[in-house]
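Take a look at the structure set out below.
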Amino acid sequence: MNFSVVLIARNESRTLPRLLGSLSEFQKRGGKVILVDTGSTDDTASVARSLGAEVHEVGTRFVYEVSREEATQINETFVCADEEAIVAPGDKLFDYSAARNFAALLSPTDMVAMPDCDEEYTKLDLDAVCKAIDNGVEQLEYEFVFAHDAQGNEIVKFRHCKFYDRRKLCWVGIVHEVLAGSAIRDYFPPNVIKLEHWQQPSDHRRRYLTGLALDCLWNPKNDRNSHYLARELMYAKRYRSAFAEFQRHLTLGGWPAEATQSLIFQGECLEHLGDTPGAVRKWHEAISRDTSRREPWIRLAQSAYKQGDAQRTAAYAIAATTIPWTDFYANNENHYRHEPHEMLYWAFWWLGDPRRSFEHWSKAREYFPTSPKYRKDSIFYLDFLNPRVSIVIPTLGRQEQFADLYRSLENLTGWANFEIVVEYDSFENRVGVPKLVKNAVERATGDFICFLGNDCRPKPAFLRRALAAMFQNFDSADGLVGLNDGIWPKGEIATHWLASKKLLPMLGGEFFHTGYSHAGCDNELTARCQLAGKYVWAEDAQIVHDHPARLGWDRADKVHRLAYSRVEEDRALLRQRAERFGFTHLLV
């Protein structure tokens, strides 16, 4: 291989397996991984060696101690009088540039890739990379994912270039180190190189703030570190000190994109200090300076949202959606995904335009399908979603009760988009409820099945309420909703229910296992859905079930007696299947 991978590490035993796992092919093809351990107190060195890395242990060689004079100057220069000091004499920090430059010298090749230990290569086309190096490329740029959200989605990403020729470039800056020098540079798309960051909790930010302050003391005209120092002060909730340092950064005349970001952050500082009008002015100033950034529009929309101003929220959020993505490192991908649509669906609802609200809710949920908030808010959009429900009724005898049920469904469902699918049984050649339900489901055209017995009497809006429970509790509306039929006080068993057809593959193609005669099929359905996290009871979706368990077994009719004529066989089958599918502990 014509390049090596060089790492600096301290207490990275948990992160190294991920990174080195992504380099396994590189190592199999003879690539060298060199790790400089800078004073680990865990088993970083042994983990690295076990994964094939060459390890050099240097202890505290690159630790810098802040002097009393430096600490005094830093606090007097960068801290407002009423805020906490940044540095104390004797504070220690790590000299990243010195460590990186030392580590690069240990490489057997001049070309080195230098990821951090909490990163991984999710793509590394070795043939393409080696060919580019052979053709004279001295610095490689590639896509770097800096941050992910809780679902693992990429939210901050930009171009990165810690892959370089050590003869042409070196690291400068005690913290927030950067490569300095001149080299032939080329960009490699994500199908060739992609590096992703998975930061671990640590006290890194405190040391980072100290190091940035020291660097800004030594190099007061370094505009980039001024911006980063101000940002760290803001993250540390020193808002007045941060505002002042952002202002200093704006006078240094550096990178225009970072100047715009300083204005955005100044607005955030003012908002935290209770000056919302001042924050709004700063965000408008940022827009005037740079029209390519979506963030100031998002900040304005968020501010209006907090104040309950639907019209301004809509105006700012719509403006934000017109601005396309750029690869500026501070862009938050969620600003280009669900966030503006989340504010827009709220705004249009309160502006009296539910259809546009639904459009933006749908878009937000498309970007973030697992959001509990969007799932909860689905109740407002049921009429737009308009799911079709097939009400399945197996019937045997009880003609008068069945006729009452059939007639009442037209008025009491609370829902218009439904069909009724009836399967008739006979006393002479009884099929049984499980098989009748399966036959009805095969004929049903709805995406959802509602099972009712012919001895049920619905209460108003039961179906709408069951649908609301379905959409509010399951990301993909793919669950089982138990109806409150008065039999089980907390829905322990879904004797009557609404279910998504999406459950059928998990259940072997049938809601009620057709091996049962009658009893046990609802126990199994409920338990298996509970086991998969797909069951909820809708207490307000009420029906009345004229069942002997509620009315008294002395009132059981011919149908009930026939249904339970094989109850012992059904219970034995339920026990067998509970063992087989692992839901014994869930049986009631």
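The values are calculated or read from the model by the stated rules, or taken from the named source; none is laboratory data. Being a predicted model, the structure only gives us computed values, none of them experimental. Backbone-built Cβ (ideal geometry, glycine too); neighbour counts: all protein chains shown.
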Result of the Cβ filter at 9 Å on region 293-317, keeping first residues that are in contact (Cβ under 8 Å) with a residue 60 or more places away in the chain and partners that are part of a loop (DSSP other than H, G, I, E, B), at least 6 apart or interchain, is none
- Task: Would you confirm whether any residue within region 153-173 is in contact with a His (Cβ under 7 Å, 6 or more places away or on another chain) and farther than 28 Å from Asp91 by Cα?
- Result: yes
Please indicate, with yes or no, whether at least one residue in region 405-423 is of a type in the set (Val, Ile, Thr), within 19 Å of Thr526 (Cα to Cα) and either buried (at least 16 other Cβ atoms within 10 Å of the Cβ) or without any contact (Cβ under 8 Å) to a residue 40 or more places away in the chain (or both). no
For region 302-328, the count of residues that are assigned to a loop (DSSP other than H, G, I, E, B), of a type outside the set (S, T, N, Q) and modelled with pLDDT of 95 or more equals 4
Taking region 103-123 and the residues there that are surrounded by 21 or more Cβ atoms within 10 Å (Cβ to Cβ) and aliphatic (A, V, I, L, M), the one that is farthest from Asp165 (Cα to Cα) would be Ala103
Determine if region 135-148 includes at least one residue that is more than 23 Å from Tyr367 (Cα to Cα), small (Gly, Ala, Ser) and surrounded by fewer than 19 Cβ atoms within 10 Å (Cβ to Cβ).
yes
Within region 87-111, the residues that are of a type in the set (Gly, Ala, Ser) and touching a Leu at 6+ places or on another chain (Cβ under 8 Å) are Ala103
In region 449-469, anything surrounded by fewer than 19 Cβ atoms within 10 Å (Cβ to Cβ) and small (Gly, Ala, Ser) is listed as Ala461
If I filter region 525-542 for residues that are touching a Ser or Thr at 6+ places or on another chain (Cβ under 9 Å) and modelled with pLDDT under 90, do I get at least one hit?
no
**OP:** Could you please let me know if Glu579 is assigned to a helix (DSSP H, G or I), over 22 Å from Leu498 (Cα atoms), at pLDDT 90 or above and in the same structural domain as Ser426 (by TED's automatic domain parsing)?
**Re:** yes
Turns out the helices (runs of 4 or more DSSP H) fully within region 329-424 with at least 2 residues that are under 18 Å from Ala317 (Cα atoms) are 339-350, 354-367
_Filter result for Ala286 (at pLDDT below 95, in the same structural domain as Tyr336 (by TED's automatic domain parsing), of a type outside the set (Asp, Glu) and part of a helix (DSSP H, G or I))_ = no
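For (1) in contact with a Pro (Cβ under 7 Å, 6 or more places away or on another chain); (2) closer than 17 Å to Ala317 by Cβ; (3) assigned to a helix (DSSP H, G or I); (4) β-branched (Val, Ile, Thr), each residue gets a yes or a no:
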residue: Ala259; (1), (2), (3), (4): no, no, yes, no
residue: Ile264; (1), (2), (3), (4): yes, yes, yes, yes
residue: Arg281; (1), (2), (3), (4): no, no, yes, no
residue: Arg293; (1), (2), (3), (4): no, yes, no, no
